[in-house]
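Notes to accompany the following structure.
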């Protein structure tokens with residue numbers, strides 16, 4: 001496991017367009033996934049301890065965000081033969097186990113992760129209704145122990161964006177396992 005941090009991407013960057021399927025083969029187009037006020041995208045997977053530690057928090061934030069007009073999706077870029085826990089069949093199990101109510105999509109070619117410049121799992125992006133990046137950072141200040149969290153940075157960004165307020169410009173990168181890039 002290689003620990004990486006997300007790259008610094010300029011705020012106001014326009015979301016790259018994409019089309020992906022979920023593990024059951026249903027198609028999704030990025031621009032059609034937005035809620036009235038925006039879209040939260042989390043690049044994640046099934047095997048990474050960093051991603052697994054925050055899955056419950058992502059699910060909770062997704063439910064709260066939906067009520068505020070912000071939809072959520074997760075994208076798995078780790079469809080790699082050396083990581084069978086991240087295979088689409090295992091994604092279906094994860095969806096059922098955690099009762100994930102938002103799309104968890106398969107980035108089999110890893111092109112969407114490349115277009116977003118995603119580096120790690122989790123790598124978190126929050127786009128406003130105009131498809132402009134407003135937040136690209138960590139979920140909070142303690143990935144290991146939710147009971148010790150002091151700053152809920154993603155939730156603060158979601159709440160500010162939903163209220164039409166300024167999202168904090170100082171953002172701490174997310175960190176996690178490196179994306180398992182396929183060799184060409």
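A short reminder: the numbers here are calculations on the coordinates, not readings from a lab. All of these numbers come straight from a predicted model, not from anything done at the bench. Every residue, glycine among them, receives a Cβ derived from its backbone with ideal geometry; neighbour counts consider all protein chains shown.
DSSP beta bridges fully contained in the chain are about 65 percent antiparallel. In a fully extended conformation the segment linking residue 28 and residue 149 would gain 40.2 nm over its present Cα-Cα distance, using 0.36 nm per residue.
Between helix 153-163 and the chain, what is the angle of the helix's C-alpha long axis to the longest principal axis, kept within 0 to 90° and rounded to the nearest 10? The two axes meet at around 60 degrees. Listed by Cβ neighbour count within 10 Å, with the fewest neighbours leading, 107, 123, 130 appear as 130, 107, 123.
Gyration tensor analysis over the Cα atoms of the range 94-156 returns equivalent ellipsoid semi-axes of 22, 18, 13 Å (largest first, whole Å). Comparing 113, 53, 163 in a Gaussian network model of the chain, where Cα atoms under 10 Å apart are tied by springs, the biggest mean-square fluctuation is seen for 163.
Taking the square roots of 5 times each eigenvalue of the Cα gyration tensor of the chain, largest first, gives ellipsoid semi-axes of 23, 18, 16 Å. Between the helical axis of 49-67 and the longest alpha-carbon principal axis of the chain there is an angle of about 50 degrees.
Taking a point 7 Å out from the Cα of residue 111 in the direction of its Cβ, the residues of the range 55-79 whose backbone N falls within less than 19 Å of it are 75-79. Axis of helix 88-98 versus longest Cα principal axis of the chain: the two differ by about 50°, to the nearest ten degrees.
With a Förster radius of 25 Å, plug the Cβ-Cβ distance of residue 63 and residue 142 into 1/(1 + (r/R0)^6) and report the FRET value to the nearest 0.05.
0.75
Within the listed set 120, 21, 45, the Gaussian network model of the chain (springs between alpha-carbon atoms below 10 Å) gives the highest mean-square fluctuation for 21. Structure remark: mean-square fluctuation, Gaussian network model of the chain, C-alpha springs under 10 Å; the largest value among 98, 154, 68 belongs to 98. Need the C-alpha centroid separation for the range 95-162 versus the range 1-67, integer Å. Computed from Cα coordinates, the inter-centre distance equals 5 Å.
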